[in-house]
Each structure stands twice: as C-alpha cells, then as structure tokens.
Amino acid sequence: MHPLKILLIEDNPVIARQVAEFLQAEGWRMDFSHCGRQGMQLALEQIFDLVLLDLGLPDMDGLEVCKKIKAEAPVNIPVLMLTARDAISDKEHGFGVGADDYLCKPFDPRELILRCRALARRHQLHTNDKIQIGDLQICHRQQTACRDKKPLVLTSIGFRILTLLAQASPAPVSRSALIHHIWGDDPPETDALKSHIYSLRQALDKPFKTPMLKTITNLGYQLETSSAQNQ
C-alpha cells in the first residue's frame, strides 16, 4: 500500500497534534483543518486517501461536512469520524450520512492506525479494477491503459496522473491537487507536472483523432470523451 494522504478536520489543537505525530510516524502525509468549511473545501479540491473528521466543529456540524464530501467530492473518499458522541443514535446518524467508520474519543492511537489501514485497504479492494471512459480503459491491477484497444506507453507518474483524472471524470482536477498527490509536500522545483502532462498527451491523444486531455484555464486538467466534446 502506498503512503496514505490523510486530511484531519479537528478543532482541538492538542488532539490534532497527537494524531498527526502517530500517523506521520507511519510515513503518511497529513493535511489539516480546524473548521468544517475549510476542511470540506480541501476535500473537494484535493485528492485524499482518507478523511478523519471530528463532529464537534466550531462552524458547522461534522455530519453536514461528511454529507457534503460524500456528495460532491470528485472521487469517493473514505471518512472516519472521530467523536465523543458514543450513543447508538449518534453512530446511526454518522453512518446515515455516509461515514465509513466511527471511532469514539478517547481512543488508542494504535487502534486509529489499524482502522486507517483497514479503511484504505477496503477502499482499494472495492475500487473498480477497470475504469472505462469512452474508448479509454485503465486497469489498476496490471497498471496498464489502452485507448481504442491500443496499449498506451506511459511512465509510472503518467499512469498515476491518468488514473487520478479518470477517477474524477467528468470533473476537473486542479494542478495543486495533482502535484500534492504525486509529490506530497516536497514537489520538484521545476514545473515537472507540465512535462508529465505533455508526455501523457503524446501517448493519450497524439495517435488519435479526438483529444481527451483538456486544460482548464487557471484550474487544471480534465478528461473528456468524444461525446462530451461534440455537444
């Protein structure tokens, strides 16, 4: 399993720091938000493997944050709720708005790590092995892609970019989300993404009549099918 990229939405700085210390020790990358609206925006703009969500946020209820993320995020993100609300009715409400797991405070950090691993693994297993967009087909298990039944020659990063765009399609993916997901907090000094996008276009679009990879000005990139382009 690749190092997880996790968004922690938690307004208590002590808890946030403790959680971060344990999860970063696993080699996982963390992003943080102390309020619901900012956390929700991050989840909608970037691509995370997992969201850890406190329910008692200062600006909006975590249940509403979860509901919005599940409804509007470009890809399906597992959500683990962290909360002191331990009644069965509270858990019922949490799972009812789309939460994938529920952990009551106080909790053992080792259990949190186990649950994060299990959620990420379960999500990977339940993700379709093959993605079909128009005449493009991507196979996760074999790490291959073909268009119009012709194999595409891609670098490992090119394949990751194509997969991220396909998972989000038809929604666009921002440049910042792609950069952060591929290189984390240590992106190359040069505009490496531009070079990888160019190489991806050479493989995905150049041999075919209709281009699929579209640049969205001041935002990022999007995969389009022939039918969408002809509308």
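The values are calculated or read from the model by the stated rules, or taken from the named source; none is laboratory data. This one's a predicted model, so the numbers in the text were calculated from it and none came from an experiment. We place every Cβ from the backbone using ideal geometry, glycine too, and count neighbours over all the protein chains shown. For the accessible areas, the whole protein counts, side chains as well, though only heavy atoms, and no ligand, DNA or RNA atoms are used. Shrake-Rupley method; radii C 1.70, N 1.55, O 1.52, S 1.80 Å.
Quick notes on this structure:
- Per residue, the average separation of C-alpha pairs within less than 8 Å and at least 6 apart gives the chain a relative contact order of 15 percent.
- Taking all protein chains as they are arranged and a probe of 1.4 Å, the heavy atoms of PHE95 leave approximately 100 Å² accessible to solvent.
- Projecting the Cα atoms of LEU164, ILE9, LEU82 onto the charge dipole of the chain, computed from C-beta unit charges around the Cα centre, puts LEU164 farthest toward the positive end.
- Averaging 1/r across all pairs of distinct Cα atoms in the stretch 69-220 and inverting the result yields a Kirkwood radius of 17.9 Å.
- Only helices enter the 222 nm calculation for the chain: every DSSP H run of n ≥ 4 contributes -39,500 (n - 2.57), and dividing by all residues gives -13000 deg cm²/dmol, rounded to 500.
- The residues of the stretch 94-169 have, on average, 57 Å² of accessible surface per residue, using a 1.4 Å probe with all protein chains present.
- Candidate lysines - alpha carbon under 18 Å from LYS5, same-chain residues fewer than 8 apart omitted: LYS70
- TYR102 accessible area, 1.4 Å probe, all protein chains in place, Å² to nearest 10: 20
- Label-to-label distance for CYS35 and GLN132 is 4.6 nm, based on points extended 7 Å past Cα in the beta-carbon direction.
- Percent accessible area from carbon and sulfur atoms, the chain, protein chains only, probe 1.4 Å: 51
- Ranking of THR217, THR163 by solvent-accessible surface, largest first: THR217, THR163 (1.4 Å probe, protein heavy atoms only, all chains present).
- Rounded to 5, percent antiparallel among DSSP beta bridges of the chain: 50
- For the chain, the dipole from Cβ point charges (+1 on Lys and Arg, -1 on Asp and Glu) about the Cα centre works out to 1080 debye, to the nearest 20.
- For the chain, built as a Gaussian network whose Cα springs stay under 10 Å, the top-fluctuating residue of THR215, THR155, THR190: THR190
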